[in-house]
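Novice: First the structure, then my questions, so here it is.
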Amino acid sequence: MTHAKDDGPVRRIAIIGGGTAGWMAAAALSRVLGPHGPAITLVESEEIGTVGVGEATIPPIQAFNGLLGIDEDDFVRATGGTFKLGIEFVDWRHLGHRYFHPFGVYGVDPGAVPFEAMWRRLRAEGAAGPLSDYSICATAAAAGRFMRPQPGNTPLAHIGYAFHFDATLYARFLRTRAEATGVVRREGRVVDVSLRSTDGFIDAVTLADGGRIEADLFVDCSGFRSLLLGDALGADFQDWSSWLPNDRAVAVPSAVTGPPPPYTRATAHAAGWQWRIPLQHRVGNGYVFAADHVSEDEATATLLANIEGEALAEPRTLRFRAGRRSALWVRNCVALGLSGGFLEPLESTSIHLIQTGIARLLEMLPTRAFEPADTRRYNRLMTTEFDSIRDFIILHFHATGRRDTAYWRHLADMPIPDTLAERIAIYNRTGRVFRETDELFTKTSWLAVMDGQGLLASSYDPIGAALPLAEARAALDRIGQVTAAAARHMPSHQDFIDRHSRAGK
Ligand code: FAD
């Protein structure tokens with residue numbers, strides 16, 4: 001006799017881990033599923049702690065805040081946060097060069113002609129300025145200005161922004177919200193994961209104090225350890241270090257030395273790159289590097305020599321490997337955050353991947369029957385997203401004129417994924433950029449980085465010739481003027497923070 005599968009709703013969810021991933025999941029699941037939904041328990045171990053980094057974000061986080069009903073000003077105040085209009089890349093194309101990867105868009109498309117095709121054609125005629133001149137985010141960032149988008153038909157309507165925040169304060173902020181919506185926190189160290197003998201689903205986790213936590217759905221937020229998905233369920237790790245050899249970061253906070261710029265800075269060094277993330281009460285700094293190319297001591301010395309204010313703590317080293325698990329949902333376990341995979345923080349995508357994982361889990365919320373088609377779809381969407389972000393990050397390292405160290409020579413010469421090679425081939429011929437289905441990075445991002453890193457297009461997209469030259473020139477000049485005027489209208493970033501979200505107020 002066969003038994004019908006239990007198809008009832010999930011009644012108990014156990015989230016293992018209380019870092020950014022765990023508390024984001026707890027806050028979102030409890031808020032959306034409501035007081036009559038499943039009981040949610042979060043297990044975390046103070047003794048083990050969290051990675052405690054992860055402080056720069058990208059614009060889709062606004063949707064996550066919206067889902068949680070978070071007031072943005074409260075959120076920025078509570079996390080010592082600042083606003084972010086994009087990333088400045090220093091010394092990536094060659095030493096002494098800088099470019100800006102802005103949020104938002106470049107210019108406006110004149111009719112059916114994409115902006116970038118018009119720009120490139122005029123660039124070839126010597127009649128166009130650098131891309132940044134046509135981006136409100138890049139122009140405002142250079143002037144240290146910020147405001148939220150404004151209604152109307154001006155560049156101010158296209159301000160894209162995200163946040164920098166203190167990771168520890170962010171986890172605390174989310175924890176307060178999650179506990180207020182019914183999540184029960186359990187302190188303890190997981191020492192065993194038991195699987196049902198019938199189907200290999202996770203039954204329960206056992207804690208060091210003997211406690212046992214049973215659930216229908218387990219969310220693995222245990223960080224690099226990947227206790228459930230990796231260790232207990234054996235999802236294998238696809239290692240991407242042949243493309244992304246950086247495997248360590250040394251991080252140190254430093255004192256604030258002036259008004260916070262409204263952007264993250266990423267500065268390339270001899271064997272990696274350094275982030276600078278301005279917060280209200282401190283600056284986050286870190287050197288992400290490849291241990292095969294530079295020692296930890298040397299990396300630490302480079303970091304300390306390149307921070308602006310006094311170091312506020314001892315430098316701390318983190319170890320990682322680029323890659324992801326072959327599947328992120330296996331049986332009754334979904335991995336969010338570092339337990340599912342890691343891509344270095346060059347484009348601030350990890351927190352975003354946690355957010356999309358949560359959104360998709362809610363979209364494909366299982367019953368206790370755990371429909372395999374949902375699981376397959378979840379895995380397909382998540383792995384595709386991971387892979388396209390991977391390509392975007394590899395682009396920064398590979399498309400470079402730097403040949404000054406063995407590290408950069410290796411990256412410039414290495415074979416790259418076919419998907420990225422194809423994009424570069426298309427760009428090299430016509431300067432054409434595109435967004436594949438619903439991938440994260442838009443045309444603006446691909447164009448900013450391909451142009452910024454110094455890839456050359458031998459011609460321009462033929463559609464760029466569809467506008468008469470004089471008309472195109474007038475349209476581009478106007479976009480540049482209107483963008484500059486709009487940026488002048490914006491308050492300074494510091495004034496904006498002081499008025500809306502000063503920490504401690
Ligand atoms: P963790 O913070 O490691 O949390 C794991 C949790 O699991 C902890 O609570 C721990 O106590 C618990 N745990 C582990 N084992 C056990 C056990 N046996 N029993 C009980 N509990 C256990 N992302 C961005 O979006 N932007 C950035 O700018 C950015 N910068 C980064 C810089 C670096 C150097 C690194 C390494 C990452 C960065 N990230 C960034 C990624 C970001 O930090 C992570 O995605 C995010 O913090 C989520 O981490 P996590 O919650 O998955 O893991």
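The values are calculated or read from the model by the stated rules, or taken from the named source; none is laboratory data. Quick caveat, the model's predicted, so the values are computed rather than measured. Because the Cβ atoms are built from the backbone with ideal geometry, glycine has one as well, and the counts that use them run over all protein chains shown. Only protein heavy atoms, including side chains, enter the accessible area calculation; ligands, DNA and RNA are left aside. Shrake-Rupley method; radii C 1.70, N 1.55, O 1.52, S 1.80 Å.
Novice: Quickly run through region 473-497 and pick out the residues that are within 20 Å of residue 162 (Cβ to Cβ) and open to solvent by 30 Å² or more (accessible area, probe 1.4 Å).
Specialist: 492, 494, 495
Novice: Suppose the filter is outside any helix (DSSP H, G or I), surrounded by 15 or more Cβ atoms within 10 Å (Cβ to Cβ), in the same structural domain as residue 27 (by TED's automatic domain parsing) and touching a helix residue (DSSP H, G or I) at 6+ places or on another chain (Cβ under 9 Å); does residue 327 pass it?
Specialist: So residue 327 fits the description; yes.
Novice: Identify, by number, the condition in (1) surrounded by 19 or more Cβ atoms within 10 Å (Cβ to Cβ); (2) within 16 Å of the ligand (Cβ to nearest atom) that residue 141 doesn't meet.
Specialist: Single failed check for residue 141: (2).
Novice: So, one more: Can we say residue 449 is open to solvent by less than 60 Å² (accessible area, probe 1.4 Å), under 18 Å from residue 93 (Cβ atoms), outside any helix (DSSP H, G or I) and modelled with pLDDT of 95 or more? Even if it seems obvious, please write down each step before you answer.
Specialist: Details: open to solvent by less than 60 Å² (accessible area, probe 1.4 Å): yes; under 18 Å from residue 93 (Cβ atoms): yes; outside any helix (DSSP H, G or I): no; modelled with pLDDT of 95 or more: yes.
Answer is no for this residue.
Novice: Could you tell me whether region 282-294 includes any residue that is more than 14 Å from the ligand (Cβ to nearest atom), β-branched (Val, Ile, Thr) and surrounded by fewer than 19 Cβ atoms within 10 Å (Cβ to Cβ)? Step through it out loud before you land on a result.
Specialist: Narrowing region 282-294 to residues more than 14 Å from the ligand (Cβ to nearest atom): 282, 292-294.
Still in the list and also β-branched (Val, Ile, Thr): 294.
Of the ones still in play, those that are also surrounded by fewer than 19 Cβ atoms within 10 Å (Cβ to Cβ) are none.
No, region 282-294 contains no residue that is more than 14 Å from the ligand (Cβ to nearest atom), β-branched (Val, Ile, Thr) and surrounded by fewer than 19 Cβ atoms within 10 Å (Cβ to Cβ).
Novice: Also, quick follow-up: Residues to consider are 235, 180; find the one that is open to solvent by 60 Å² or more (accessible area, probe 1.4 Å), within 27 Å of residue 33 (Cβ to Cβ) and of a type in the set (A, V, I, L, M). Explain how you work it out, then say what you get.
Specialist: Values: 235 fails: open to solvent by 60 Å² or more (accessible area, probe 1.4 Å).
Matching residue, one of 235, 180: 180.
Novice: Do the conditions hold for residue 103, that is, is it surrounded by 24 or more Cβ atoms within 10 Å (Cβ to Cβ) and touching a residue at least 40 places away in the same chain (Cβ under 8 Å)?
Specialist: Taking the combined requirement at face value, the residue satisfies it.
Novice: Something else about it: For residue 470, indicate whether it is surrounded by fewer than 13 Cβ atoms within 10 Å (Cβ to Cβ) and either more than 26 Å from the chain's Cα centre (by Cα) or part of a helix (DSSP H, G or I) (or both).
Specialist: yes
Novice: Does any residue of region 253-271 turn out to be out of contact with any Phe, Trp or Tyr (no Cβ under 8 Å at 6 or more places or on another chain), more than 16 Å from the ligand (Cβ to nearest atom) and open to solvent by less than 50 Å² (accessible area, probe 1.4 Å)?
Specialist: yes
Novice: Does region 310-319 contain at least one residue that is within 13 Å of the ligand (Cβ to nearest atom), outside any strand (DSSP E or B) and open to solvent by 10 Å² or more (accessible area, probe 1.4 Å)?
Specialist: Yes, region 310-319 contains a residue that is within 13 Å of the ligand (Cβ to nearest atom), outside any strand (DSSP E or B) and open to solvent by 10 Å² or more (accessible area, probe 1.4 Å).
Novice: Output the residues belonging to region 181-229 that are hydroxyl-bearing (Ser, Thr, Tyr), within 15 Å of the ligand (Cβ to nearest atom) and within 32 Å of the chain's Cα centre (by Cα).
Specialist: Answer for region 181-229, where residues must be hydroxyl-bearing (Ser, Thr, Tyr), within 15 Å of the ligand (Cβ to nearest atom) and within 32 Å of the chain's Cα centre (by Cα): 222, 226.
Novice: Just the residues that are closer than 30 Å to residue 389 by Cβ and of a type in the set (Asp, Glu), please, taken from region 440-487.
Specialist: 451, 461
Novice: Residue pairs, Cβ under 8 Å, 6 or more apart or interchain, first in region 330-342 and touching a residue at least 60 places away in the same chain (Cβ under 8 Å) and farther than 13 Å from residue 378 by Cα, second within 8 Å of the ligand (Cβ to nearest atom) and charged (D, E, K, R). List them.
Specialist: Once the first residue is touching a residue at least 60 places away in the same chain (Cβ under 8 Å) and farther than 13 Å from residue 378 by Cα and sits in region 330-342, its partners that are within 8 Å of the ligand (Cβ to nearest atom) and charged (D, E, K, R) give 339/225.
Novice: Out of region 335-361, which residues are within 6 Å of the ligand (Cβ to nearest atom), farther than 24 Å from residue 13 by Cβ and touching a Phe, Trp or Tyr at 6+ places or on another chain (Cβ under 7 Å)?
Specialist: 345
Novice: For region 153-177: of the residues being open to solvent by 70 Å² or more (accessible area, probe 1.4 Å) and among the β-branched types (Val, Ile, Thr), which is nearest to the ligand (Cβ to nearest atom)? It would help to see each step written out before you state the result.
Specialist: If we filter region 153-177 for residues that are open to solvent by 70 Å² or more (accessible area, probe 1.4 Å), which is where we start, we get 153, 158, 168, 172, 175-177.
With the extra rule that they be among the β-branched types (Val, Ile, Thr), the set shrinks to 168, 176.
Values: 168: 10, 176: 16 Å.
That would be 168.
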